[in-house]
């Protein structure tokens, strides 16, 4: 279960990479742009499904959500931590948003 949950930070990366690729290279060809966007959303959906399933099948997961820290930014006397959190509400959003994006794009 931990392995899938630690992949939560990867969910926004495929659509962002598709956005950059479409803006920089693929904007002249509408078919390739559309397929790139659909493919990136499908990758996020495939990554999000096991995360949501792991959260929904783990009893009492809401009492002990998963926190992950990606990096910190020093800001004088304190540090600004950048990371992610996976709890049941976030898992529902991960599943629903990626599912709806697939339905809208396809």
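A search for C-beta distances below 6 Å between a residue of the stretch 91-106 that is closer than 14 Å to residue 15 by Cβ and any residue that is modelled with pLDDT under 95, counting only pairs 6+ apart in sequence or on different chains, returns 94/48; 94/51; 94/52; 98/48.
Among residues of the stretch 59-88 being assigned to a helix (DSSP H, G or I) and in contact (Cβ under 8 Å) with a residue 24 or more places away in the chain, the one that is nearest to residue 47 (Cα to Cα) is 88. State all residues of the stretch 50-69 that are modelled with pLDDT of 90 or more and within 14 Å of the chain's Cα centre (by Cα); if no residue qualifies, say none. Listed by number, the residues that qualify are 50, 51, 52. Looking at 55, 32, 43, just one residue is free of Cβ contacts under 8 Å to residues at least 12 places away in the same chain, surrounded by 14 or more Cβ atoms within 10 Å (Cβ to Cβ), part of a helix (DSSP H, G or I) and touching a helix residue (DSSP H, G or I) at 6+ places or on another chain (Cβ under 9 Å), and that residue is 32.
Residue 37 - would you say it is at pLDDT 95 or above, surrounded by 15 or more Cβ atoms within 10 Å (Cβ to Cβ), in a helix (DSSP H, G or I) and more than 17 Å from the chain's Cα centre (by Cα)? Judged against the criteria, residue 37 is not a match.
Return the residues of the stretch 1-14 that are buried (at least 18 other Cβ atoms within 10 Å of the Cβ) and in contact (Cβ under 8 Å) with a residue 60 or more places away in the chain; say none if nothing qualifies. Full working, then the answer.
Step one: list which residues in the stretch 1-14 are buried (at least 18 other Cβ atoms within 10 Å of the Cβ), which gives 5, 8, 11, 14.
Listed by number, the residues that qualify are 5, 8, 11.
The values are calculated or read from the model by the stated rules, or taken from the named source; none is laboratory data. Note that the structure is predicted; figures quoted are calculated from it, not measured. Virtual Cβ from ideal backbone geometry, glycine too; neighbours counted across all protein chains shown.
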